[in-house]
Structure formats: C-alpha cells, structure tokens
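Notes to accompany the following structure.
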Amino acid sequence: MKALNDAHFSEYGVKPDVVVKAPGRFHLIGEHSWFFKDKTLSMAVDIPVYIAITKRDDSVLRFYFHQLNDRKRANISSLKLKKEDRWANAVKSVIYGYVSGGFEVEGMDITIYSEILPSSGFGITTAIKAASVVAVKELFSIPCTEVQMLQVLERGNKRFLKINNFLADNYSALFSKKDSLIITDYSHNSWDYIPYMFEGKKIFLIDTKVPRVSVWNEDTLFEPEYALILGDLRERKHSVYGGWQYITNVTDINEVMVELSEDIRRKLRCIMSEHGNVLDAKDALEKKDFFKFARTINHSHESLRDMYNLSCPEIEWIFKRISELEPNLELLTNPVSCGRITGKGFGRCLYAVIRESDEEKFRSQLVQFEKIFGYHPEIHVVQPADGASLVKD
C-alpha cells in the first residue's frame, strides 16, 4: 500500500520491514452473552487497519498514527499503560503479551494507518491488536501457533489493559474468511465458519454519532449467581449446534427465576432469546433463507430494545425507516430488509441489510435523520472480509 509506505518512510526515514492489515468487525447477534458461555455471530468487514513496522537496533518503541497525526514513545524494558497513549496502548498490549510469554522482541518503529478511527466502535481497536500480533510474529520470526497468538492477545488484554478478553473479537479479526461469518462458541472456546451467500443485498454499517448514554450498568448482570441460573435452564440436545439449548417451557423458567427481580428476569430472558437467535440465524444462513435470517435479526433487535433496554429514539427512527423500505404489508412476515443495534455495552452503532435497489431511498432517509436529530452519521457499505494477513509488495 503506497500511502502507508510513504507515510512510514516520511516519519522514520526507512521503509517498513513488515506490513499487515486486519479487518474491522461488527457482531450480528450475541455480543452480550459471552459471560454466560453462549454464542456470538460476527462479521469481519472490509474497513481495514494497516500496520507497518521496521525493526530497530535498540529497545525503543516509536508509534505513529497517520490519520491522527499523533506520535507516542515507549521502551520494551519499561512498558506501561498510560491513559494519554490511547490507541498506542493497543499495540503495547500485544508487545507485552509476547514479552510476558517469554518471546524475545526488539525495538520497533510502528505506523498505524486507518481511515476509520478507533472511536467508531467498528472493531478498529481489535483490528490494531490483530494486525500487531501478526506483524510482530513475522518481524521477529517468532515460532508461535494460532493458540499462542490468542494467548498473547489474552495476556495483553487482561494483564496489561486490565479489560475483558472477548474471544469473538479476536477470532473474527484473526481468522475470518471472505464471504463467511464467524460463530464463536464460548462454551468450547472455538469458532466455525458460516457462508454468507445472500445476493442482491447490501450491508450498511452506521455510526449514528448519538452520544453514548448508559441507562443501566450492564456489568451488574454479569454475576456468577445469574450464570448458574441460566446453566440450570439449559438442556442437552445433540441435534443443536453446540450440543445444548435453553428450555422453552415458561412455567419451568419462571420457577427457576422466581426469586429474581422483574428487571433481572427480563434481561436474562433476553440472553436466552439471543442464544436461540444465533442458532436460527446460523440455520437460515446455511439454507440461504433470507426471510428467516431477516426475521431473526429483527427479533434480536426488538428483544434488545424491549427486554435489555438497549436502544434510543434516534436509532428506533432508523429502524422504522428500514421496515418501511417494503410498503407491501403482505411481506411483513417475509421481510426483505433487516437491521439491529450492534456493539458491546451501550453503543450508538447499527447495521442494516437491505436490497440493492433500496440503497438510494435508504441514504435519503439517513439525510433526513441528520436534519431531524442533528447528528451526522458515519455510513459504510461493507462486505465480509478475510482476517489479518501480510501485505506483500
């Protein structure tokens, strides 16, 4: 990539030894269920992050983010998490992950190149980490396996950044394949590919720019007590992907949840519903049944809105416009479009899958959104992309 190579040379006076790109990402369903060892359906998308690295002959680390025109410095012998280092902390966490695992690395000059900034919420920070873990491995010829690369990311997240290590984020950034989605099974720490074969459709990824205001703290739901309760509501079923599903008998569910508050009960029911939605979406994708896929995605959004309290009027306005792309009421049970809020926590992003013929109309509606609410949404038309890989000249 000439622009990246030029930026790196302009900053450091040398050409990069290694260039790696990694994809952005969004989660279709299940990103709130990781604590309960459920499943997440994700798509790596073609909004790439590039990282270029040149080896130094000392222990100094220099970081440069081209689009931000921002520079940071560190040293391998004294790696520290600094709030002011923001984006550079992602790369430092990977270097820490290697060093703390007993792998030897040296100083580096590092350039990050991304048209989409980490604040967008489209998996850009994870893409920086994924590109970094591949680039450092290649630069120093580190003999580590895929499992060890994942361990590098985990050590960096948990020990250096002091944050949760989300497997679905890592899997999709590292291992995704073009024209496929990734399904993560947290019960087995594994992933599988699901072909994405819907023709005549476009995928819109939208950052509404609506301020992120949390109406409740999601972490309050991540308690061992609640995980045990949901565990009691599982039943083994070998014909189901992953080998289990939640029971559906309402009487039995209420009996197990009888001592919980109505609010907690409703949110846990949403988690249960999300597991079923992942399985239904997987089945629809495998059968190339867009109607079922769209119904499942829309149902997931409604569940997050009504049971998980995870939406806002501005986002609901856009979803109403998505549903109105097909005015024929007879097709309501077989929707031609679908969409859902996306992102861990209380984000402002959403995705929509619509007919190609509806693109102009949908874009015009987003222009109306800006006029009505005063926010200028960031819009990307995306498609499934490959995971992190070397960029060759």
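Looking at V240, is it among the β-branched types (V, I, T), outside any helix (DSSP H, G or I) and touching a helix residue (DSSP H, G or I) at 6+ places or on another chain (Cβ under 9 Å)? Yes. Of the residues that sit in the range 98-122 and are over 17 Å from R62 (Cα atoms), assigned to a loop (DSSP other than H, G, I, E, B) and of a type outside the set (G, A, S), which one is least open to solvent (accessible area, probe 1.4 Å)? In this case the residue turns out to be F122.
Here T125 passes the criteria (1) buried (at least 21 other Cβ atoms within 10 Å of the Cβ); (2) in contact (Cβ under 8 Å) with a residue 40 or more places away in the chain; (3) closer than 17 Å to Y64 by Cα except the one numbered (2).
Mind checking which residues of the range 145-163 are touching a helix residue (DSSP H, G or I) at 6+ places or on another chain (Cβ under 7 Å) and in contact (Cβ under 8 Å) with a residue 12 or more places away in the chain? Step through it out loud before you land on a result.
Residues of the range 145-163 that are touching a helix residue (DSSP H, G or I) at 6+ places or on another chain (Cβ under 7 Å), as a first pass: 149-150, 152-153, 155-157, 159-161, 163.
Matches in the range 145-163: M149, L150, V152, L153, R155, G156, N157, R159, F160, L161.
The residue pairs whose first member lies in the range 78-98 and is under 15 Å from V49 (Cβ atoms), whose second member is open to solvent by 10 Å² or more (accessible area, probe 1.4 Å) and of a type in the set (G, A, S), and whose beta carbons are closer than 8 Å, counting only pairs six or more residues apart or on different chains, are A88/A74. Open to solvent by 30 Å² or more (accessible area, probe 1.4 Å), under 20 Å from L205 (Cβ atoms), in a strand (DSSP E or B) and not charged (D, E, K, R): does that describe P48? Considered against the rule, which asks whether it is open to solvent by 30 Å² or more (accessible area, probe 1.4 Å), under 20 Å from L205 (Cβ atoms), in a strand (DSSP E or B) and not charged (D, E, K, R), P48 comes out as yes. Taking (1) part of a helix (DSSP H, G or I); (2) in contact with a helix residue (DSSP H, G or I) (Cβ under 8 Å, 6 or more places away or on another chain) in turn, L28 satisfies each apart from (1). Residue selection: N89 fails the criterion of being surrounded by fewer than 23 Cβ atoms within 10 Å (Cβ to Cβ) and under 22 Å from R155 (Cα atoms). Regarding the range 210-229, can at least one residue be identified that is at pLDDT below 95, of a type in the set (D, E), within 26 Å of F122 (Cα to Cα) and in a helix (DSSP H, G or I)? Yes: one or more hits.
The values are calculated or read from the model by the stated rules, or taken from the named source; none is laboratory data. Computed from a prediction, not measured in an experiment: that's the story for all the values here. Backbone-built Cβ (ideal geometry, glycine too); neighbour counts: all protein chains shown. All accessible areas refer to the heavy atoms of the entire protein, side chains included, with ligands and DNA or RNA removed. Shrake-Rupley method; radii C 1.70, N 1.55, O 1.52, S 1.80 Å.
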